[in-house]
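Trainee: This is the structure I want to talk about, given as structure tokens.
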Amino acid sequence: MSFNFPLLLVVAVAVCGGLALFDLIFLAPRRRMRIAAYQGQVTEPDPIALDNLRKEPLLVEYGKSFFPVLAIVLILRSFLVEPFQIPSGSMKPTLEVGDFILVNKFAYGIRLPVIDTKIIPVSDPQRGDVMVFRYPSDPSINYIKRVVGIPGDTIRYTSDKQLFINGQLVSKRLIGEEPGSLGSARLYNEKLGEIEHTIREEMTRYNMPANNEWTVPAGNYFMMGDNRDNSNDSRYWSDPGIPHDLLGMVPDKNIVGKAFAVWMSWPDPKMSHLPTLSRVGLIH
């Protein structure tokens, strides 16, 4: 069963806030009345007795203490910035396994927590953006990929690993090589929109998608990983419950936010070593 942290946070804020409100409206006035009645009965009130009369119920005390902290976390996480950890190598070399990233939650519009309904439009994703979104076939899973196609685009990916957008070849420039899973991998500089970034291609590996051309419908986006031969992205998604023209597409309602920075990296899955700050920086 997946862990719905946003829902848990909203419930916690509601419960703590409800306890604080209940105390303000019902319990606090009763405490003041008991204190006033006690002070009217004695000449010199006992400080200990007064403290006992002022004391809030333990549950109310905890609720009032946690409410402002949880409310701030909810606001920050829901509307401003949310942290994520990169679990796979699908975005190498831009993002490595174990990178901790920050995601701008308002870049593409202000959305209500849990139900994710957009209430204030801000801007739309652009080609080249690195975007976090909920996987269309299982919205409980967050994915991170690069925006390659925006509404109205025609995307073609050929057998020789050439990317075309609206009939125009997306140029790439070889900048180096590194070890790959089945030999060597080449690193290329690629430009999508205004964003220049590095992609990675295995020299002896290619997974041919079922389709090689897609048209992006309105309100949807076509996503690809920078690690082009090791990425489960729009080229390969299939789901019998999704209409054919929407296969591989990420609808606007699934958008979480724009990834903009790496703030820490902890590549050791067992966390037996200290994290590193060597990869801290903006994401391009």
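Coordinate-derived values only; no laboratory data. Bear in mind the structure is a predicted one, so any value in this text is a computation, not a measurement. Don't worry about glycine lacking a Cβ; one is built from the backbone with ideal geometry, like all the others, and counts go over all protein chains shown.
Trainee: Among I35, S65, L7, whose Cα sits farthest toward the positive end of the charge dipole of the stretch 5-79 (+1 at Cβ of Lys/Arg, -1 at Cβ of Asp/Glu, about the Cα centre)?
Mentor: L7
Trainee: With a ≥ b ≥ c taken as the square roots of the eigenvalues of the C-alpha gyration tensor of the stretch 5-79, please select rounded if a/c is under 1.5 and otherwise prolate if a/b is larger than b/c or oblate if it is not? Don't jump to the answer; show the numbers that get you there.
Mentor: Working: a/c = 4.32, a/b = 3.35, b/c = 1.29.
It comes out prolate by the Cα gyration axes.
Trainee: Might you report the magnitude of the Cβ-based charge dipole of the stretch 5-79 about its Cα centre, with Lys and Arg at +1 and Asp and Glu at -1, to the nearest 20 debye? Mind dumping the intermediate values first?
Mentor: On the way: 8 positive and 6 negative charges, 43 e Å.
Magnitude of the dipole: close to 200 debye.
Trainee: Under 11 Å from a label point 7 Å along Cα→Cβ of R30: give me every residue in the stretch 56-98 with its amide N that close.
Mentor: Inside the label zone: 57.
Trainee: Determine ³J(HN,Hα), in whole Hz, for all residues of the stretch 182-198 in sequence, where each value follows from phi through the Karplus function 6.51 cos²θ - 1.76 cosθ + 1.60 and θ = phi - 60°; x replaces Gly and Pro.
Mentor: Karplus-based 3J(HN,Hα) across the stretch 182-198 equals 10, x, 10, 10, 9, 10, 10, 8, 10, 10, 10, x, 9, 9, 9, 8, 10 Hz.
Trainee: Place a +1 charge on the Cβ of each Lys and Arg in the chain and a -1 charge on the Cβ of each Asp and Glu, then give the dipole magnitude about the Cα centre in debye, rounded to the nearest 20. Write down the numbers at each step before the final one.
Mentor: Details: 30 positive and 30 negative charges, 96 e Å.
The dipole magnitude comes to about 460 debye.
Trainee: Skipping prolines and chain starts, which residues have an amide H placed within reach, meaning under 5 Å, of the one on V256, given they are 5 or more residues away or on another chain?
Mentor: V132, F133, R134
Trainee: Using 18 Å as the cut-off for backbone N distance, which residues of the stretch 1-36 belong to the label zone defined by a point 7 Å from the Cα of L58 along Cα→Cβ?
Mentor: 16, 19-20
Trainee: Still on this model: Report the one residue of P243, G128, A185 whose Cα lies farthest in the direction of the positive end of the charge dipole of the stretch 86-282 (charges on C-beta: Lys and Arg +1, Asp and Glu -1; origin at the Cα centre).
Mentor: G128
Trainee: Can I ask one more? Rule-of-thumb check for the chain: C-alpha Rg over 2.2 N^0.38 Å?
Mentor: Details: Rg = 26.2 Å, N = 284, 2.2 N^0.38 = 18.8 Å.
Cα Rg divided by the expected 2.2 N^0.38 Å: 1.39.
Trainee: On a straight-distance basis, which lysines could pair with K172 in a cross-link, Cα separation under 24 angstrom, same-chain partners fewer than 8 positions away excluded?
Mentor: K92, K145, K161, K191, K258
Trainee: Something else: I want to verify a result. In a Gaussian network model of the chain, Cα cutoff 10 Å, which of these has the top mean-square fluctuation: V81, V97, V42?
Mentor: It is V42.
Trainee: Along Cα→Cβ, 7 Å out, is where each label goes; now give me the distance between the ones at L50 and F22 in nm to one decimal.
Mentor: 2.9
Trainee: Mind giving me the nanometre distance, one decimal, between the label points for F164 and E178, set 7 Å out from Cα along Cα→Cβ?
Mentor: A separation of 3.1 nm, rounded to one decimal place.
Trainee: Right, here's the next one. Along the Cα→Cβ direction, 7 angstrom out, place labels at S238 and S88. What is the inter-label distance in nm?
Mentor: 1.7
Trainee: Next up: Can you give me the Rg/Rh ratio for the stretch 150-230, using Cα atoms for both radii and the Kirkwood formula for Rh? Don't skip to the answer; put the middle values down first.
Mentor: Working: Rg = 13.2 Å, Rh = 13.6 Å.
Rg divided by Rh gives 0.97.
Trainee: Let me test this: with uniform point scatterers at the alpha carbons of the stretch 69-151, what is the Debye-based log₁₀ I(q)/I(0) at q = 0.13, 0.20, 0.25 1/Å?
Mentor: -0.46, -1.09, -1.46
Trainee: Right, another one. Just going by the charge dipole of the chain, with Lys and Arg at +1 and Asp and Glu at -1 on Cβ, which of L112, L277, N232 is farthest out on the positive end?
Mentor: L112
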